[in-house]
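Every number here is computed from the coordinates shown, using simple stated rules; none is lab data. Note that the structure is a prediction, hence the values are computed from the model and not measured. Every residue, glycine as well, gets a Cβ built from its backbone with ideal geometry; the counts of neighbours run over all protein chains shown.
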């Protein structure tokens, strides 16, 4: 999936859709989905090859640590950004609000009334200019959160560091920042 993407080349709608689907399986596990059901679903839909190494490692861990589960849960903020990029959600929650993970079941297979193939085939990205504008806005919010933390002050704009850094990672991947694969994307500020 991460394939051969040139630096700063926006990913395809298909790549973003597949990334969203496999990320949903990881987030689901972090939030208590039955491991055997998720593993079987990934196999049945030929999605194992779409997992990033970090995701495969989490899924392959029979009893993940509390930290692994927490980190897996934070990936929901990456997933909401991918769904925004696909136009599946109209607006992101505020930068100081965690997303509602319940919305994922209405939008993504296996819970949404469509197959993986249908979801991928129907996927359309927002216009490139809109994606770049979101990447820029997310970068600015991330910088604000980091600068406020460094200066031990309240951010001028309400922003949660953990929320925004996860969303920043996702939008940078979507726009092909440095052409890096999912696990290697940076969220520089």
All-pairs Cα distance distribution in the stretch 63-152, expressed in whole percent, bin size 10 Å:
14, 37, 34, 13, 2
Residues 24, 31, 58 in order from fewest to most other beta-carbon atoms within 10 Å are 31, 58, 24
Give me the extension gain from residue 115 to residue 54: residue separation times 0.36 nm, minus the current Cα-Cα distance, reported in nm with one decimal.
19.5 nm
Longest principal axis of the chain (C-alpha) makes with the long axis of helix 13-30 (C-alpha) an angle, in degrees to the nearest 10, of 80
How high is the relative contact order of the chain, in percent, counting Cα pairs under 8 Å that sit 6 or more residues apart?
33
Can you give me the angle between helix 66-85 and the longest principal axis of the chain, using Cα atoms only, in degrees from 0 to 90, rounded to the nearest 10?
80
Net length gained if the chain between residue 33 and residue 103 were fully extended (0.36 nm per residue, minus Cα distance):
23.7 nm
Compute the long axis of helix 35-44 from its Cα atoms, compare it with the longest principal axis of the Cα atoms of the chain, and write down the angle in degrees, 0 to 90, nearest 10.
70
Kindly provide log₁₀ I(q)/I(0) values, in the same order as q = 0.15 Å⁻¹, from the Debye equation applied to equal alpha-carbon scatterers of the stretch 13-184.
-0.84
Helix-only mean residue ellipticity at 222 nm, the chain, DSSP H runs n ≥ 4 weighted -39,500 (n - 2.57), per residue, nearest 500. What is it?
-17500 deg cm²/dmol
